[in-house]
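Student: After the structure tokens below, expect a handful of questions from me.
Just so you know, all these numbers are worked out from the coordinates, no wet-lab data involved. This is a predicted model, so every value here is computed, not measured. As a convention, Cβ positions derive from the backbone with ideal geometry for all residues, glycine included, and neighbour counts pool all protein chains shown.
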Amino acid sequence: MIQAKNMSFSYTGSPPYVLNGVNFEIQDGAYVSVVGENGSGKTTLIRLILKFLKPTGGSIVSKAKKIGYVPQKNDFSNSSFPITVYEVLNSYRKLMRIRSKEAIAQALYDVGMSGFESVLMGLLSGGQHQKILIARALMGKPDLLVLDEPSTGVDRNSQQEIYGFLKKINTEDGVTIVSVEHNLDAAIANSTLIYHLTSGQGHLCTPQQYADEFLNTRRK
């Protein structure tokens, strides 16, 4: 699905590099959590996957036919921004050239948000807001879903619902997931692989390996 070969990136085009000599391969159907300290290059990596950025050196190639993206925050979280759930989803439907308006109802049903069409985005709780963003990203039926810290600002119950839903579409629908995570317990519990970034370089491992090599050492 995604392959990086000796990939480097600098926002200035020259050293120092945010990412340097990155190599990895993500197979179809994987659920990969990207973890690391602040400034390790996590957000830059997903921007490269999304093709918002181009590598300074090396390459990154995605074979995804359609990509859904769930950002961490956007203007809709502002309670004074007068836009409804329906308007957000319908504008995306038009952008993606999805003909049927039934796609909106289906997307809301899938994330457990049926009946919220007329609610202002700014009046939703953190968990409800995130579910709508996930619903929006899935309307185009992507084979790759990229998320930026999906549990930020979300209560514990909503976190469980969101991760349960992500696990479901990964295992049952085969959607490949790449998620930047600060919630390490969720990353270990739900991922098939973890990509640990540190000082601009990464290490791909299983959740158990990550827990044994990094988490347990840090907690001692």
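Student: State, as an integer percentage, the relative contact order of the chain based on alpha-carbon contacts under 8 Å between residues 6 or more apart.
Tutor: Details: 397 pairs, mean separation 62.8, N = 220.
Averaging sequence separation for qualifying contacts and normalising by length gives 29 percent for the chain.
Student: Arrange Arg99, Arg136, Arg47, Arg93 by Cβ neighbour counts within 10 Å, fewest through most, would you?
Tutor: Working: Arg99 8, Arg136 24, Arg47 17, Arg93 20.
Ranked by crowding around the Cβ, least crowded first: Arg99, Arg47, Arg93, Arg136.
Student: Please give the charge dipole size of the range 71-142, origin at the Cα centre, charges +1 on K and R Cβ atoms and -1 on D and E Cβ atoms. Round to the nearest 20 debye.
Tutor: Details: 9 positive and 5 negative charges, 63 e Å.
Result for the range 71-142 is approximately 300 debye, rounded to the nearest 20.
Student: Which value, in debye to the nearest 20, gives the size of the charge dipole of the chain about its Cα centre, when Lys and Arg are +1 and Asp and Glu are -1 at the Cβ?
Tutor: 600
Student: Separate question: Pick from Ile132, Ile60, Ile83: which is most flexible by mean-square fluctuation in a GNM of the chain where alpha carbon atoms under 10 Å apart are linked?
Tutor: Ile83
Student: Taking the DSSP beta bridges in the chain as the whole, what percent of them are antiparallel, to the nearest 5?
Tutor: Antiparallel: roughly 45 percent of the beta bridges in the chain.
Student: Cα-Cα over 21 Å: which of Lys54/Lys167; Lys5/Lys167; Lys131/Lys168; Lys63/Lys141; Lys66/Lys167; Lys63/Lys94? Walk me through the numbers before you get to the answer.
Tutor: Values: Lys54/Lys167 30 Å; Lys5/Lys167 28 Å; Lys131/Lys168 14 Å; Lys63/Lys141 15 Å; Lys66/Lys167 19 Å; Lys63/Lys94 24 Å.
The pairs that break the limit, which is 21 Å between Cα atoms, are Lys54/Lys167; Lys5/Lys167; Lys63/Lys94.
Student: Same structure again: With +1 on each Lys and Arg Cβ and -1 on each Asp and Glu Cβ, how big is the dipole of the range 1-88 about its Cα centre, in debye rounded to the nearest 20?
Tutor: Details: 9 positive and 5 negative charges, 56 e Å.
The dipole magnitude comes to about 280 debye.
Student: Also, quick follow-up: With springs connecting C-alpha atoms under 10 Å apart, model the chain as a Gaussian network and identify which of Met139, Met96, Met121 has the largest mean-square fluctuation.
Tutor: Met96
Student: Which number comes out as Rg/Rh for the chain once both Rg and the Kirkwood Rh are worked out on C-alpha atoms?
Tutor: On the way: Rg = 17.7 Å, Rh = 18.1 Å.
Using only Cα positions, Rg/Rh for the chain is 0.98.
Student: Per q in 0.12, 0.22, 0.24, 0.25 Å⁻¹, report the Debye log10 I(q)/I(0) for the range 71-142, using one uniform scatterer on each alpha carbon and no solvent.
Tutor: Results for the range 71-142 at q = 0.12, 0.22, 0.24, 0.25 Å⁻¹ read -0.26, -0.92, -1.09, -1.18.
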